[in-house]
Amino acid sequence: MAHQAHAYHMVDPSPWPLTGAIAALLMTSGLAIWFHFHSTVLMTLGLILLLLTMYQWWRDIIREGTFQGHHTPPVQKGLRYGMILFITSEVFFFLGFFWAFYHSSLAPTPELGGCWPPTGITPLDPFEVPLLNTAVLLASGVTVTWAHHSIMEGERKQAIQSLTLTILLGLYFTALQATEYYEAPFTIADGVYGSTFFVATGFHGLHVIIGSTFLAVCLLRQVQYHFTSEHHFGFEAAAWYWHFVDVVWLFLYVSIYWWGS
Amino acid sequence: CHPPGMRKPVSRTMFRAALQLSVSGARSLTRSRPQYTASVAARSYSHGKQETDEEFDARWVTYFSKPDIDAWELRKGMNTLIGYDLVPEPKILDAALRACRRLNDLASAIRILEAVKDKSGPHKEIYPYVLQELQPTLNELGIPTPEELGIDKA
């Protein structure tokens, strides 16, 4: 039987890129169908296909790495580069929304009364729930670091506890933010203030949910003994992503909630 | 007509000193400050060269006098200027009003006048004085005051 004479991973053919592309097509065209013909069938189909694609693709990666040993050091290095580049692209994504916010708030137009916050807008008090949210995410940054050290030191029970706590804090943030959204005296339709506020914090909230999900998958894997003290890149990637989410919040808090009030 | 007790040129000290509004209760202290070394606007560092009032004014007149100033820069400049702890000198406001003219922004021109009145706070004599100084410019550019439009009352 032939063996590969290198340490890299030549991945087996997979249907998931195709199903992912089809999902993207169905979701986008489904969106247009929803707008024009009031039917959500196509879009929902696309969403389901997307979820199935993600589940099976990442399941396969776990099989290839954890069970089949394909994630050698050079392969892991590539995965690290990949995650860092992805997070970098997300940084630029948020940079755009911060640009929009500062463009609008540093030079408010006459329609807003030439002032920021605009006339008629009562911003949220930055020292109430938003400050609590800041504390929650900062604490979750501590607990995820605790989890990392626990994994590296082979402390199984502590790793599970701290990772669980991290996820709970993430869920707490999401719940708090959801109530803030519900109770806010302004909406996304309230001028450029509403637009910048809800688009920036909304995408951030989505990333918190994504990050919490990623961490939850890591928790399941940790419980099932996937991670070793030396090799646990999936967890590291999740932790990097989580720190990124925390940093974005800090910028949001200082810029939009605090300075912008 | 001059407000009672004031002669042209009105001492800049009076305005600058009277308008260090941030230090409430220390007004007598600020009134006695010598004319050109008053701490100015943007920053009060503990060291480093301190910008004089004239330099401050000149900088802002230059800012608004840029021939191709764009609408964003005009609004940004006004917001920054109004954020300072002072009422801008008429010459700065004149340059800003002319920038509004170049940009066809009458709304902002009138808003500038409203901002002057607001920044004066309890010093009710400042706004009429500034309007008086700007009257030729207001006439030339055809800028009505909020009072003339009846929008000065809520």
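The shape of the range A:56-105 comes out prolate: with a ≥ b ≥ c from the C-alpha gyration tensor, a/c is at least 1.5 and a/b beats b/c. Provide the FRET efficiency to the nearest 0.05 for the A:I84-A:T174 pair, computing r from the beta carbons and using R0 = 45 Å. Using R0 = 45 Å, I get an efficiency of 0.95. Put the Cα centre of the range A:184-242 next to the Cα centre of the range B:100-114 and the gap is 45 Å.
Net charge dipole, the range B:43-95: roughly 200 debye, given to the nearest 20, about the Cα centre with Cβ charges of +1 for Lys and Arg and -1 for Asp and Glu. When you restrict to C-alpha pairs under 8 Å that are six or more residues apart and normalise by the size of the range B:39-107, the relative contact order lands at 38 percent. In the elastic network of chain A, a GNM with C-alpha springs shorter than 10 Å, the most mobile of A:L132, A:L176, A:L52 is A:L52.
Exceeding 26 Å between C-alpha atoms, which entries from my cross-link table qualify? They are A:K77/A:K157; B:K66/B:K153; B:K119/B:K153; B:K66/B:K124; B:K49/B:K124.
A:K77/A:K157; B:K66/B:K153; B:K66/B:K124; B:K49/B:K124
Only loop residues by DSSP count here, and only those with at most 12 other Cβ atoms within 10 Å; note down the trypsin sites (Lys or Arg not before Pro) in the range B:57-133 that meet that. Kindly include the intermediate steps, with their values, before the conclusion.
Values: sites: B:R59, B:R75, B:K76, B:K91, B:R98, B:R101, B:R102, B:R111, B:K117, B:K119, B:K124; in loops: B:K124.
Answer by residue number: B:K124.
Test of understanding: in a Gaussian network model of chain A with alpha carbons linked when under 10 Å, which of A:F98, A:F203, A:F37 would top the mean-square fluctuation ranking? Comparing A:F98, A:F203, A:F37 in a Gaussian network model of chain A, the most mobile one is A:F37. Compactness check for chain A: Cα Rg over 2.2 N^0.38 Å is 1.18.
Relative contact order for the range A:111-261: 34 percent, from Cα pairs under 8 Å spaced at least 6 residues apart, divided by residue count. Applied to the range A:109-116, the Karplus parametrisation 6.51 cos²θ - 1.76 cosθ + 1.60 on θ = phi - 60° returns per-residue 3J(HN,Hα) values of 6, x, 4, 8, x, x, 9, 9 Hz, with x for Gly and Pro. Within the listed set A:T44, A:T122, A:T196, the Gaussian network model of chain A (springs between alpha-carbon atoms below 10 Å) gives the highest mean-square fluctuation for A:T44. Using only the C-alpha atoms, the convex hull of the range B:53-149 corresponds to 92 Å³ per residue. Helix A:156-183 axis versus longest C-alpha principal axis of chain A: approximately 30°, rounded to the nearest ten. Across chain A, C-alpha contacts under 8 Å between residues 6 or more apart give a mean separation that, scaled by the residue count, equals a relative contact order of 19 percent. Counting other Cβ atoms within 10 Å as a rough exposure proxy, the listed residues A:D12, B:D118, A:D190 run A:D12, B:D118, A:D190 from fewest neighbours to most. Could you give the angle, 0 to 90 degrees to the nearest 10, between helix A:233-252's Cα long axis and the longest principal axis of the Cα atoms of chain A? The helix A:233-252 is inclined about 10 degrees to chain A. Does anyone have the angle between helix A:16-37 and the longest principal axis of chain A? Alpha-carbon axes, 0 to 90°, nearest 10? Orientation of helix A:16-37: about 20 degrees from the principal axis.
Every number here is computed from the coordinates shown, using simple stated rules; none is lab data. As the structure is a prediction and not an experimental result, all values here were calculated from the model. Positions of Cβ are backbone-derived with ideal geometry, glycine not excepted, and every protein chain shown enters the neighbour counts.
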